[in-house]
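The values are calculated or read from the model by the stated rules, or taken from the named source; none is laboratory data. On a predicted model such as this, the values are computed, not experimentally measured, just so you know. Neighbour counts are summed over all protein chains in view; Cβ atoms, including those assigned to glycine, are modelled from backbone coordinates with ideal geometry. Heavy atoms of the whole protein, side chains included, go into the accessibility calculation; ligands, DNA and RNA do not. Shrake-Rupley method; radii C 1.70, N 1.55, O 1.52, S 1.80 Å.
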Amino acid sequence: IAIEALKRGKHVIVDKPLCTRMPELDEIERLAVEKDLRVGCMLTQRGSRTSAGVRHLIRSGRLGDIHAVTFGGQHPLNLDSRPGWYFEPGRHGGTITDIFIHAADSIPWITGLSFDRIVAARCWNALAPEYPHFKDGAQLMMAMNNGAGILGDVSYFMPSKGGYSMPYYWRTTFFGSEGIAEVSAVSDKIDLTENGAVSSVVPEGPEPESYLSGFLSDITGTATDESLVTADVIRATRTAIRVQESADTNTFDNPVT
C-alpha cells in the first residue's frame with residue numbers, strides 16, 4: 001500500500017514497521033527520492049519527554065563517552081486478542097523487525113552514534129507452541145561506530161495482563177564514562193547515577209516532537225534535529241531488517257549497511 005501510494009504521488013505515513021523485506025524498502029526509498037515525497041512512521045520514542053531528556057544529558061556531555069546501552073523492549077504477546085494474520089507464515093515480518101525498529105531509531109538519535117555491526121541476533125519460539133514458525137523470543141547484540149556495545153531483548157515475554165504498565169516496559173540504560181542514565185516508558189523521570197549516587201531527575205532540554213509533527217515538518221521543510229524525517233525512517237527500518245536477517249540466517253558479525 002505504501003509503495004502504491006508513493007507511485008501515485010502521495011506522501012505516506014504508516015504504523016511500524018514500514019515494511020518487512022529489503023526489496024520493499026529499496027523501492028520505497030527509490031520512489032521517495034524520485035518523486036520528492038516524504039515517508040513517516042509511528043516511531044514514538046522521539047516523542048517521549050524522558051527520551052528527549054536523556055538525549056540532552058548525553059549531548060551536553062554530562063554522561064561522558066557512551067560505552068554501552070542495554071534495553072528491554074519486551075511486549076505482551078496477547079495471543080488471544082492478536083489478529084489472526086499476525087501468526088500466518090510470512091506476514092508478521094519477525095519480532096526484531098516489529099519491535100526493535102523503535103530502538104533502531106531512538107538509540108542513534110539519543111546518543112549521536114550510529115550502528116556499525118550486528119554482532120549476533122537470535123529469534124526463537126517460546127510462548128506460542130501452536131504456531132511453531134512464530135518466533136516470539138528475540139535478542140540482539142550490536143556495536144556502534146565508537147565501539148560501544150548494545151544489548152537488547154525485544155521478546156513478547158511481558159505478561160498479557162498489565163504488560164504495558166510495568167516498570168520493565170521499554171527500559172533503557174545508557175552507560176557513560178561519567179555517569180549512567182536509565183529511562184522507562186512508564187516513568188516521567190530519569191534515573192541518573194553520578195559520583196556513585198542515584199537520583200530521579202526531571203528531564204531537561206528541548207521539548208520532544210511527535211512522529212506526526214516530524215512528518216508534517218518534513219513535508220513543509222521546517223524539520224529540526226528533533227524531527228523524525230524520511231531519512232531517519234528509512235535508516236531505522238533498514239537497521240531493523242538487517243538485524244532480523246542476521247537472526248533468520250544465523251549469521252554473525254554482519255555490517256548494518
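The table below lists the values:
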quantity	calculated
Cα lying deepest toward the dipole's positive end in the stretch 71-126, options Ile99, Ala120, Trp109, charges on Cβ	Ala120
Per DSSP, loop chymotrypsin sites (Phe, Trp or Tyr not before Pro) in the stretch 74-168 with at most 16 further Cβ within 10 Å	Tyr164, Tyr168
Dipole moment magnitude, nearest 20 debye, the stretch 39-138 about Cα centre, only Lys, Arg, Asp, Glu C-beta charged	420 debye
With every protein chain in place, the chain: carbon and sulfur % of accessible area (1.4 Å)	52 percent
For peptides 182-193, 1-12, 233-244, sequence by mean Cβ density within 10 Å, most packed first	233-244, 182-193, 1-12
Difference of contour (0.36 nm per residue) and Cα-Cα distance, Leu127 to Val202	23.3 nm
Furthest towards positive pole of dipole, Ala148, Ser200, Ala185, structure part the stretch 145-220, Cβ charges	Ala185
Only Lys, Arg (+1) and Asp, Glu (-1) charged, at Cβ; the chain dipole about Cα centre in debye	280 debye
Computed label-point distance, nm, for sites Val14 and Asp248 using a 7 Å Cα→Cβ extension	1.4 nm
Using θ = phi - 60° and Karplus 6.51 cos²θ - 1.76 cosθ + 1.60, couplings along the stretch 244-250 (whole Hz; Gly, Pro as x)	4, 4, 5, 5, 5, 9, 6
Residue (of Ala68, Thr50, Thr20) at the positive-pole extreme of the stretch 1-75, dipole from beta-carbon charges	Thr50
Table column - 3J(HN,Hα) (Hz), the stretch 222-234, Karplus curve with 6.51, -1.76, 1.60, x for Gly and Pro	10, 5, 10, 5, 7, 7, 8, 10, 3, 4, 5, 4, 4
Environment charge at Ser200 (Cβ cut-off 11 Å; Lys +1, Arg +1, Asp -1, Glu -1)	-2
Computed [θ] at 222 nm, deg cm²/dmol, the chain (DSSP H ≥ 4; -39,500 (n - 2.57); rounded to nearest 500)	-8500 deg cm²/dmol
Cβ-derived FRET efficiency at R0 35 Å, Asn146 paired with Leu212, nearest 0.05	0.65
Computed over the chain: relative contact order in percent, which uses C-alpha pairs under 8 Å that are six or more apart	27 percent
Rounded, prolate or oblate (a/c below 1.5 giving rounded, otherwise prolate when a/b exceeds b/c) for the stretch 24-100 by Cα gyration tensor	oblate
Spin-label proximity, Val119 to the stretch 125-150 - amide N less than 16 Å from point 7 Å beyond Cα toward beta carbon	139-150
Whether the stretch 85-225 is rounded, prolate or oblate, judged on the alpha carbon gyration tensor where a/c under 1.5 counts as rounded	prolate
Debye, to nearest 20: dipole size of the stretch 132-257, +1 on Lys, Arg Cβ, -1 on Asp, Glu Cβ	500 debye
For Ser114, distant residues with modelled amide H under 5 Å away	Asn145, Asn146
Cα gyration tensor shape for the chain, rounded if a/c is under 1.5, else prolate or oblate	oblate
Computed FRET value (nearest 0.05) for Ser187 with Asp65, which takes r as the C-beta separation and R₀ as 25 Å	0.50
Whole-Hz ³J(HN,Hα) from phi, Karplus 6.51 cos²θ - 1.76 cosθ + 1.60, for the stretch 31-41, glycine and proline x	5, 4, 6, 4, 9, 6, 10, 10, 10, x, 8
